[in-house]
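None of the figures in this text is laboratory data; all of them are computed from the coordinates on show. Keep in mind the model is a prediction, meaning the values are calculated, not measured. Note that we place each Cβ from the backbone using ideal geometry, even for glycine, and neighbour counts take in every protein chain shown.
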Amino acid sequence: THKFRLHVTALDYLAPYAKYKVWIKPGAEQSFLYGNHVLKSGLGRITENTSQYQGVVVYSMADIPLCLFF
């Protein structure tokens, strides 16, 4: 499928240093973890000045890092 997936096993150590962060509401968290898209209503908060196509760390509302997108 020509898709590249990188598993970051040190996410707990890298996440605090991320410049851009996104928090997902609990209702959308499980859907996201199963590979579905997150709707705008599922976002809890976003770091200010995050522009489109930036690399972000996705957090749960309990500040647990879930994933890294870059």
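A few points about this structure:
- Counting only DSSP beta bridges with both residues in segment 17-67, the antiparallel share comes to about 55 percent.
- Between Phe4 and Ala62, the modelled labels are 3.4 nm apart [label points 7 Å from Cα along Cα→Cβ].
- Measuring how big the chain is from its alpha-carbon positions, Rg and Dmax come out at 12.0, 34 Å.
- Per-residue ellipticity at 222 nm, computed for the chain from helices alone with -39500 (n - 2.57) per DSSP H run of at least four residues, works out to -4000 deg cm²/dmol.
- Taking 0.36 nm per residue of sequence separation and removing the Cα-Cα distance, the Leu11/Ser41 pair yields an extension gain of 8.3 nm.
- Selected from Val58, Val22, Val38 as most flexible by GNM, with the chain as the system and alpha-carbon contacts under 10 Å: Val38
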